[in-house]
1. What about residue 479, is it at pLDDT 95 or above, closer than 15 Å to residue 212 by Cα, touching a His at 6+ places or on another chain (Cβ under 9 Å) and not β-branched (Val, Ile, Thr)?
2. Restricting to region 472-523, name every residue that is open to solvent by 10 Å² or more (accessible area, probe 1.4 Å) and of a type in the set (Val, Ile, Thr).
3. In region 337-377, how many are open to solvent by 50 Å² or more (accessible area, probe 1.4 Å), in a loop (DSSP other than H, G, I, E, B) and either within 14 Å of residue 420 (Cβ to Cβ) or among the charged types (D, E, K, R) (or both)?
4. Test residue 332 against the stated conditions and say whether it is over 12 Å from residue 294 (Cβ atoms) and either modelled with pLDDT of 95 or more or not acidic (Asp, Glu) (or both).
5. Can you tell me how many residues within region 448-461 are in a helix (DSSP H, G or I) and open to solvent by 60 Å² or more (accessible area, probe 1.4 Å)?
6. Going by the conditions given, is residue 312 within 17 Å of residue 251 (Cβ to Cβ), out of contact with any strand residue (DSSP E or B) (no Cβ under 6 Å at 6 or more places or on another chain) and open to solvent by less than 20 Å² (accessible area, probe 1.4 Å)?
7. Using the structure shown, decide if residue 288 is assigned by the TED database to the domain that holds residue 390 and more than 16 Å from the chain's Cα centre (by Cα).
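The values are calculated or read from the model by the stated rules, or taken from the named source; none is laboratory data. For clarity, every value in this text was computed on a predicted model and none was experimentally measured. A quick note on method: Cβ atoms are made from the backbone with ideal geometry, for glycine too, and the neighbour counts reach across all protein chains shown. Just so you know, the surface numbers come from the protein's heavy atoms only, side chains and all, with ligands and any DNA or RNA stripped out. Shrake-Rupley method; radii C 1.70, N 1.55, O 1.52, S 1.80 Å.
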Amino acid sequence: GCVLVVSVIEQLAQWHNSTVKAAVERLCNYIPGKYQVMGHIIAREMNADVVCHSLKLCKQDPGQPLCHLYRPPKRKKDSPGLFYALSHAGPKHQIISKSFMGFSSICTFPLLANLCEKIKYVIRNKLPFEDFDGDKFSTFPTLRGYHWRGRDCNDKNTTVYPGRRPDNWDVKSDSNCNGIWGVDPKDGIPYEEKFCKGADSQGVVLLGDSAGAHFHIPPEWMTVTQMSTKSFANLPMAFSDELDWPQFSEITGFLNSTIGGWTDSLYLRLRRRNRCNHRDLQNISQNAYFHINIAAYLSFSLARNQLLDNPAIVIYATIGNDVCNGNRDTLAHMTTPKEMLSNVMQALRYLDSRLPNGSHVILTGLVDGRFLWDNLHDRYHPLGQLNRDVTYSQIYSFLDCLQVSPCSGWLTPNETLRNLTSERALQLSNVLKEIARSEKFSNFDVFYMDFPLRQTAEEWRKMGGEPWQLIEPVDGFHPSQIAAALGTSITWQKALHEWPQVLGKENPFNDQIEAIFKDQGGH
């Protein structure tokens, strides 16, 4: 965190030909609210590694390597460059502001403490922070609210929520929040009965990792040549959504993207196919650099009543976490095929006890993450674009040294390790494929599909794009907005051709439903 912030400050000073003090003030003015996080003013001739070690915000543990992002300063006398710089980076290079409180305890800032507590709650429970009736749906967008699951239309009534079958055909009120209720005055038939009866209404539920949650750090937060007050306008929302953007994601996205690319999602396509599916979505995904035991948190995060609700399409897509971790001995910490079988079967048995009959489960294979190193390692990271001094290879090595790499097995110059990681990913995908082939459940059928990375890259090339644009620019790891939208199209086409029963039939009344909404000025 320190190296990132100091890098941005130093580059702001360089770009605007100002003092470092002026650059700190400029950055603070860009950030919404009065988040006075930076308290040390640093002499410009020191790079961010030297600054952060001299401020004791970065340290070297005994027996561990000295981690650094930038190339060490030139050697002086007989001392290695970085060690020499550290030993000579004394107080004369620092002006210490009384407002400094430390990067390691960011949640102690008065303005952030309350938000941090809320974020801790939602990370722990995967449930909306604001949910007054306890039905697991909310009228608030972030903090696991309706950016993550369909928006509640009555947060004071636990029997009103997206995805339920209509109560008495919703003659008097909208019990399932799809906007369709009341009676047609022409013939006395409830609109819900007329338009949605027998329409195969169903929701979509994602059980995923950080890729499914759509993790994204805006590159404009650290690209000084483009930085302005507008760059940080989305900062409060981003933090209260855990730096995830599920509202634009591949499975549950429903808003027009504001982070580049465009939004196309399985939910939007199901909604276009059958307007009665409006708002029936749940994104139960988690950022984690270790295997997620989905069954463990399904029991309190999934909102589905087997007796009262519509069936659902459940996408099981932990595309990397089973092989990705930041440990030095990364192979030893990967999920084994035996563990994978046990974990997935545990989750599927739980789903069988909760999903309404007629549901579907799609198991998505793991990605081949060699794509990341192959397409990014020698390109400049946003932090390195001004001075052409930080490549993705350096970012990967820095994070790996700190043992916080999102994936030590793939984000490494060690080709043998990259190949072994992909080999394990393939073994785990084969476990999923075999489950789909051989296991049977009472309330849903099971399908398998490979993660469509190769097809996505081919499609993007046809559109004139470059493979590296399919990867998030800041973390160099997650699928980008473009990759998410293209992946939706490929998944949909596969389902149409191979499993048409999963998608349900097209509702012939869609145009009539939309026409009534427009007449009433609704959305």
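1. Yes.
2. If the condition is that a residue be open to solvent by 10 Å² or more (accessible area, probe 1.4 Å) and of a type in the set (Val, Ile, Thr), then 474, 482, 490, 491, 516 are the ones that fit.
3. Counting residues in region 337-377 that are open to solvent by 50 Å² or more (accessible area, probe 1.4 Å), in a loop (DSSP other than H, G, I, E, B) and either within 14 Å of residue 420 (Cβ to Cβ) or among the charged types (D, E, K, R) (or both) gives 1.
4. When the stated conditions are applied, residue 332 passes them.
5. 5
6. Spelling it out, it is not the case that residue 312 is within 17 Å of residue 251 (Cβ to Cβ), out of contact with any strand residue (DSSP E or B) (no Cβ under 6 Å at 6 or more places or on another chain) and open to solvent by less than 20 Å² (accessible area, probe 1.4 Å).
7. It is false that residue 288 is assigned by the TED database to the domain that holds residue 390 and more than 16 Å from the chain's Cα centre (by Cα).
Rundown of residues vs (1) assigned to a strand (DSSP E or B); (2) on the phi < 0 side of the Ramachandran plot; (3) not aliphatic (A, V, I, L, M), yes/no style:
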| site | (1), (2), (3) |
| --- | --- |
| 441 | no, yes, yes |
| 446 | yes, yes, no |
| 469 | no, yes, yes |
| 484 | no, yes, no |
| 488 | no, yes, yes |
| 501 | no, yes, yes |
